[in-house]
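The values are calculated or read from the model by the stated rules, or taken from the named source; none is laboratory data. Since this is a predicted model, take the numbers as computed values, not measurements. Here the Cβ is made from the backbone with ideal geometry for all residues, glycine too, and neighbour counts use every protein chain on show.
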Amino acid sequence: MAVTEKDLQELFEKMPSKVQKNRRKHILIKNGEIENPEIEANTRTIPGIITNRGCAYAGCKGVVLGPIKDMVHITHGPIGCAYYTWGTRRNKAKREDNIKNFINYSFSTDMQESDIVFGGEKKLTAMIDEVVEILQPKAITISATCPVGLIGDDINAVAREAQKRHGIQVLAFSCEGYKGVSQSAGHHIANNSFVEHVIGKGEQEEAPAKFSINLLGEYNIGGDGWEVERILKDIGYHVVSVMTGDGSWEQMRNAHVAELNLVQCHRSINYIAEKIETKYGTPWLKVNFVGIESTIKSLRDMALYFDDAELTARTEAVIAREVARVQPIIDQYAKLCQNKTAFCFVGGSRGHHFQGLFRELGIETILAGYEFAHRDDYEGRDIIPSIKPDADSKNIPDLHVEADPKRFRLKMSPEKLAELKQRIPLSDYPGMNVDMKEGHIIVDDLNHFETEEFIKLLKPDIFSSGIKDKYVVQKMGIPAKQLHSYDYSGPYAGFNGAVNFARDVSMGFASPTWNFITPPWKNSPALSGEMNEG
Ligand code: CFN
Ligand code: HCA
């Protein structure tokens, strides 16, 4: 069943008029006849609406900094903020020789009422000294939570002093939760600091091996990064650094030597890719390792970039071997998924990335959207050149970057790069709106009310989102697959990931649980559509 403009109208009419006016701009029915429809995104959620969004602190500390294993990440603020950004996002990290791993610890100044009244700087200073004495990290981050900004603690001054006192890097992030309108502002704050203070500060001058790459915007949720690295290493790539899944400060400092930056999550890290190109001359390539087809395309684009006969042959050999191994297994699972429909609503890039994998299983995404993506994620930057990818600059000042005179090295001649950009659009990427099918719905910052209304209207076979709405949806009798934490399964990226995803999704459909749940519309003729029949 497709949603019509009339259905949308009825849905909007249930909202107060001010809310209606706002939400109309965030919801679209895909209509190919309207070229490039505008969607409002990256704007403030109406207070009081139940949204899945998080805050700037979550985007900075939880998403971008959190997975870096050899830095101690201190949350200056209440314990809840520290705990939430440590225990819920799946920052998986392996032990490595000569690289410390603090991922299993959560560090917080645990601010109390007296710290709010009298200031928390002394407590923060004492905590840094304690951390250095006990753990001897090479670098520390301090992230500010809301109260810190409100009482005016100067975390930058504390960091500067600590850096002098201990001779290690101490980075302060003014990522108070209320900055910006979502996590997205926090990504930007974290990235700006990395470009200024971490990347390019290592000793290495040359790439340590042929085909050296950085993997940007891969956060290793459920081990995705490990699966991608397995494939890349098998083909013959050398991974200099990953930002930031199972990431390391030591490795990030030498990221400038890589010959190519791969960008997996475009939302959270496009800032870095652009800045590294300007500062160190490293081109970037948008990739997507979610789904078999996208993985194959990404690997082939990379081979085109490096333009080496042996690498290209190896790429094809690995693709052929992997597809032969996984496709028969996926085909078995796909039998349970044919002609099913999905909602796919995640924070940033995954709302788009997982649609391909669903489609490979025979599942069509009929409603999708992002919590906090920007217009370029929906509409595609190439389509609207006036929209800069870092539209967050209206909240967070953009970092001005110039070529680093000591470190800038053209990784490829301008002629060769220009020619390649023709063949593989290195910086051109279609937004979600392009891939959605006719009549399907695109919703920005989907809220709880709309979730329930769209479920009743469209009755999807599977709902994919996060922890905040999963159980409401399951109680409506619909299997819900978390695409943030993967419900503690995974990896879902690469070839092995596609098998895991196919298994988990088909298991969701096959579960007898749904026979024991009566969705609300089964007992309500109006909701089931029975009243309209005959
Ligand atoms: S791992 Fe990434 S892929 S980083 Fe981003 S935009 Fe979040 S934490 Mo949740 S799952 Fe999600 Fe993306 Fe990039 Fe994750 S879709 S909301 S801030 N995200
Ligand atoms: C965050 C982190 C989160 C939350 C997931 C969810 C994640 O936004 O602070 O809502 O289920 O992936 O861990 O996006």
Notebook entry, point to check: Are any residues in the range 350-394 assigned to a helix (DSSP H, G or I), within 16 Å of ligand 1 (Cβ to nearest atom) and either closer than 16 Å to R267 by Cα or modelled with pLDDT under 85 (or both), and if so, which ones?
Noted result: R350, G351, H352, H353, F354, R375, D376, D377, Y378, A391, D392
Check: So V64 fits all but one of (1) closer than 24 Å to S464 by Cα; (2) within 22 Å of the chain's Cα centre (by Cα); (3) away from ligand 2 (no atom under 16 Å from the Cβ); (4) at pLDDT 95 or above; what number is the exception?
Finding: (3)
Margin query: I'd like to know if the range 191-199 contains one or more residues that are within 16 Å of ligand 1 (Cβ to nearest atom), buried (at least 19 other Cβ atoms within 10 Å of the Cβ), in contact (Cβ under 8 Å) with a residue 12 or more places away in the chain and under 16 Å from the mean Cα position of the chain (by Cα).
Written below: yes
Margin query: Residues that are in contact with a Ser or Thr (Cβ under 7 Å, 6 or more places away or on another chain), more than 16 Å from ligand 2 (Cβ to nearest atom), touching a residue at least 60 places away in the same chain (Cβ under 8 Å) and closer than 24 Å to R165 by Cβ: does the range 75-87 have at least one?
Written below: yes
Next item on the list: Identify all residues within the range 341-373 that are more than 18 Å from V290 (Cβ to Cβ) and away from ligand 2 (no atom under 16 Å from the Cβ); write none if there are none.
Entry: T341, I366, L367
Check: Just checking, which of I29, I49 is more than 16 Å from ligand 1 (Cβ to nearest atom), more than 22 Å from V181 (Cβ to Cβ), of a type outside the set (S, T, N, Q) and under 25 Å from the mean Cα position of the chain (by Cα)?
Finding: I29
Note to self: For A185, only one of the following conditions fails: (1) assigned to a loop (DSSP other than H, G, I, E, B); (2) closer than 22 Å to I155 by Cα. What is its number?
What the structure shows: (1)
Check: If V64 satisfies every condition in (1) away from ligand 1 (no atom under 16 Å from the Cβ); (2) under 30 Å from V158 (Cα atoms); (3) hydrophobic (A, V, I, L, M, F, W, C); (4) in contact (Cβ under 8 Å) with a residue 40 or more places away in the chain but one, which is the exception?
Finding: (1)
Margin query: So, in the range 156-182, exactly how many residues are outside any strand (DSSP E or B) and within 16 Å of ligand 2 (Cβ to nearest atom)?
Written below: 8
Note to self: Considering only residues that are assigned to a helix (DSSP H, G or I) and surrounded by fewer than 18 Cβ atoms within 10 Å (Cβ to Cβ), which ones fall in the range 326-344?
What the structure shows: Q327, P328, I329, D331, Q332, A334
Note to self: So for the range 138-151 (the condition being part of a loop (DSSP other than H, G, I, E, B) and of a type in the set (G, A, S)), does at least one residue qualify?
What the structure shows: no
Item checked: Filtered residues of the range 195-233 (kept if assigned to a loop (DSSP other than H, G, I, E, B), within 20 Å of P67 (Cβ to Cβ) and touching an Asp or Glu at 6+ places or on another chain (Cβ under 7 Å)) -> N220
Margin query: Take residues that are within 16 Å of ligand 1 (Cβ to nearest atom) and modelled with pLDDT under 90 and tell me which of the helices (runs of 4 or more DSSP H) falling wholly in the range 412-474 contain 1 or more.
Written below: 432-435
